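Heads up: the structure comes next, in structure tokens.
The values are calculated or read from the model by the stated rules, or taken from the named source; none is laboratory data. Since we're looking at a predicted model, the values are computed, not measured. Because the Cβ atoms are built from the backbone with ideal geometry, glycine has one as well, and the counts that use them run over all protein chains shown.
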Amino acid sequence: MSLSKENKTTHFAWLKHPKSFLFFKIFVWFWLTVIGTITSLVFLSNLAINQVSNEQLQGPMLKNLEYAAKSFERIALKHKKSAADILQHPRLAKRKLLYLNSDQPDNSITSRPPASDIDLSLVNFTKNMSPQVIFTENFIAFGPIKTTLPEGTFYLYEIDENNQPPFLIRLKLMPTWLKIAVALVASLALSFVFSRNLIAPINHLKQAANKLSQGDLTARANINENRQDELGILGREFNSMATQIEQLIAAQKRLLADISHELRSPLTRLKMATGLAQMQAEDENQTYLLRIEKEANQLDKMITDVLQVSRLEAKSQPLSLHKQSMHVIITHVLNDAQFEAKQSNKTLHIDGQLNVDINCDESLLASALENILRNAIKYAAQSISIKLTLTDAINIEISDDGPGVEPQNLARLCEPFFRQSDARDRTSGGTGLGLAIAKNAIAAHSGHLTLHNQTQGGLSVHIVLPINEQP
């Protein structure tokens, strides 16, 4: 019961605070656009527009004009009066302006002089038409009604001088291009203002989400704190989520680094105790002690790698920067890789060379390349190719002819402890730290590392290192 009441309250919450909901804003902006468009049309329709419109005359006005025309004929026949005398009759003076239009312009007469802005020639085109209501910018005319007087044939019109055409008629008198232009300009202007208000926070959210997905944990959406609608709430919730993610990942890295650091002391004591035990143990126990020493060394290396990843990710790794020859660095790394590949009956193919000096931490950069090459040697079927090219940056591409990586796992290969294989032994999966160290080491030198599967099979790692930028 309470849940139903709560849902009903949520559905009608916008009635209490409409400004906090996009529905209300869209509703208001829609009507503002409509009102703005109509206001513009009203304003422009009041301007002088040299056009005339007409509609069929019906109803009492038509009968009234027909009666007046017959009265003119009767008076002229009975009292022998001219058309001018008839129009000056006191009873007709109370009517609106009457206009008798003749085929001869000089014979046309009016019941009184029209206003200076009244151009009666605008009704001439209707002489041969049935009675019309003629709309112009300054007056409305009703007629013609054909009448025969002693002076000849006339066409009777009644002119309403003081009545501006209705809005719809004035709108009809406007040129079509102007009506379309007004509607487009008004709607575009107001829609632009509204869309900026609506789309700006969405763009801020998109940019922040994109930065966050690329690893920038400091990214936040630039949302006005006073904005109370759904987009404002969404922006603040996104920023809150990003803050929590940043804190969680920072805590995870700190925990990993702290644990690794704390493990160093007992591990050192373990290695010392193993060494002392080896000196005193019988020959039959030496095999076990050597095994313990080997595992302790492996654990020591793993802890070293974890600490290095943590420092690189936190950008707290001290870099020993010196001007070094990339050719020398690559040569040393490749010599070791050649030896490892030969032990596994695999072949290294090297294409190109890098005769350029770079400001770098030689040991860190060499470690990154070693990890990538060791990974390629491990998973290659028969051969590993290294392509070295020099453009405006250093390009190193290391490819193997192995099985490759599942597409959904490519983006995660450089995550610490991630291994594609479900097996947890080092033979099949390793520790999952090599590529993480490599990626962060390359990033520490202002470069970037990308991975992709080759069409013919196998994984390709592409490294780009800037020449001029200093890390």
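In table form, for the structure just shown:
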read-out	value
Some residue of the range 44-56 being assigned to a helix (DSSP H, G or I), at pLDDT 80 or above and closer than 21 Å to GLN132 by Cβ	no
Candidates THR136, THR110, filtered to the one that is within 55 Å of the chain's Cα centre (by Cα), of a type in the set (Ser, Thr, Tyr) and either closer than 25 Å to TYR67 by Cβ or assigned by TED's automatic domain parsing to the domain that holds LEU62 (or both)	THR136
Filter result (over 21 Å from LEU354 (Cα atoms) and surrounded by 14 or more Cβ atoms within 10 Å (Cβ to Cβ)) within the range 317-342	GLN317, LEU319, GLU340, ALA341
Condition check for LEU168: modelled with pLDDT under 75 and over 37 Å from the mean Cα position of the chain (by Cα)	yes
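Matching residues to (1) crowded, with 17+ Cβ neighbours inside 10 Å; (2) under 16 Å from THR153 (Cβ atoms):
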| site | (1), (2) |
| --- | --- |
| ASP103 | no, yes |
| SER108 | yes, yes |
| PRO113 | no, no |
| ASN124 | no, yes |
| GLN132 | yes, no |
| PHE135 | yes, no |
| PHE139 | yes, no |
| GLY143 | yes, yes |
